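Take a look at the structure below.
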Ligand code: SF4
């Protein structure tokens with residue numbers, strides 16, 4: 001199925017020899033001013049600082065999805081990754097165009113589940129039990145998977161509303177299939193009182209998902225094997241080291257981290273939860289944050305009265321978010337100015353229908 005109408009990623013990029021970084025920023029500002037209300041820029045928290053400085057609205061997936069649904073501008077430039085721009089397109093009005101500055105800005109977690117695998121797994125799982133299974137997808141997935149959950153009475157969730165959405169699913173069915181992030185699924189279900197032994201991991205790379213029909217029959221929750229390579233990089237050894245070095249430091253992590261890391265940390269929650277918790281903490285408090293490095297560095301700059309460091313000594317950077325560079329943003333701006341927008345994300349109408357059903361369900365529940 002062709003999801004994209006206007007993928008012009010093959011157009012030549014603006015090189016360093018054509019324009020310096022400073023010139024890129026200057027031209028971005030000039031075009032931004034010229035285009036005025038015609039254009040709104042949305043920026044995810046994990047974007048680099050120069051990109052965030054051009055964002056009219058920053059936020060996590062849920063906040064940006066809500067924002068996209070309210071906008072009236074002709075163009076929405078989405079500085080984030082592919083699935084986010086797709087979501088914005090689904091929620092935008094028919095006369096609006098959503099643009100992703102770099103078509104290669106994907107999400108490795110979203111790529112860990114595709115529609116063929118999910119259809120196959122669904123068939124396999126349903127053949128093992130007669131009980132009602134509700135499919136829930138994390139918003140970090142392609143439109144085709146959102147379509148799948150919409151078509152099968154499921155819903156979408158983000159890390160901000162995962163508890164509410166999963167509780168809704170448990171109230172409406174006997175079992176749950178959660179994809180693509182096993183960690184968010186496991187951490188949230190555990191918080192809701194489901195013991196680990198009632199959850200299994202379905203790995204599409206293994207025959208029959210690596211589980212027996214008996215295991216499927218007995219599981220309350222079937223977790224897809226996917227994960228975020230950025231958040232899975234945090235370890236319990238890092239938490240122990242921080243606590244050993246300074247027991248007064250509070251460790252706060254994202255629920256895409258492993259179960260062991262979340263259990264070892266003092267607090268866990270979505271990107272917005274992390275930001276608000278650190279923001280509202282008293283001056284002088286100390287934080288080790290287990291999430292993407294651009295956000296951690298920005299928090300440290302925003303709240304210099306607190307000591308904010310990354311939980312990891314390594315740079316936990318989301319390489320795909322980092323693909324959106326100011327010069328690619330400039331190409332998007334220039335194309336809008338020419339009236340020939342490039343990298344327009346346009347989800348197929350058939351896919352949109354069921355996806356929207358699942359998205360609207362999420363927005364209603366959260
Ligand atoms: S941080 Fe992880 S989940 Fe988020 S966009 Fe990057 S790879 Fe995907």
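The values are calculated or read from the model by the stated rules, or taken from the named source; none is laboratory data. What you see is a predicted model, and the numbers here were worked out from it, not measured in a lab. All Cβ positions, glycine included, derive from the backbone under ideal geometry; neighbour counts span all protein chains shown.
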(1) away from the ligand (no atom under 16 Å from the Cβ); (2) at pLDDT 95 or above: which one isn't true of residue 172, the others all being true? (2)
Give 267, 302 a once-over and let me know the one that is closer than 20 Å to residue 161 by Cβ, surrounded by fewer than 18 Cβ atoms within 10 Å (Cβ to Cβ) and at pLDDT 95 or above. 267
Every residue from the stretch 102-125 that is within 14 Å of residue 205 (Cβ to Cβ), more than 16 Å from the ligand (Cβ to nearest atom) and touching a residue at least 24 places away in the same chain (Cβ under 8 Å): 117, 118, 120, 121, 124
Can you pull out every residue in the stretch 126-143 that is away from the ligand (no atom under 16 Å from the Cβ), in contact (Cβ under 8 Å) with a residue 60 or more places away in the chain and more than 23 Å from residue 207 (Cα to Cα)? none
Go over the candidates 262, 296 one by one and state the one that is within 16 Å of the ligand (Cβ to nearest atom), closer than 30 Å to residue 211 by Cα and under 19 Å from the mean Cα position of the chain (by Cα). 262
Residue pairs qualifying under the 7 Å Cβ cut-off, at least six apart or on distinct chains, with the first in the stretch 277-302 being over 18 Å from residue 231 (Cα atoms) and assigned by TED's automatic domain parsing to the domain that holds residue 44 and the second being at pLDDT below 95 and buried (at least 18 other Cβ atoms within 10 Å of the Cβ), are none
Could we say that residue 329 is at pLDDT 95 or above, crowded, with 20+ Cβ neighbours inside 10 Å, within 21 Å of residue 63 (Cβ to Cβ) and away from the ligand (no atom under 15 Å from the Cβ) here? yes
For the stretch 310-326, which residues satisfy the criterion of being surrounded by fewer than 17 Cβ atoms within 10 Å (Cβ to Cβ) and under 30 Å from residue 248 (Cα atoms)? 313, 314, 315, 317
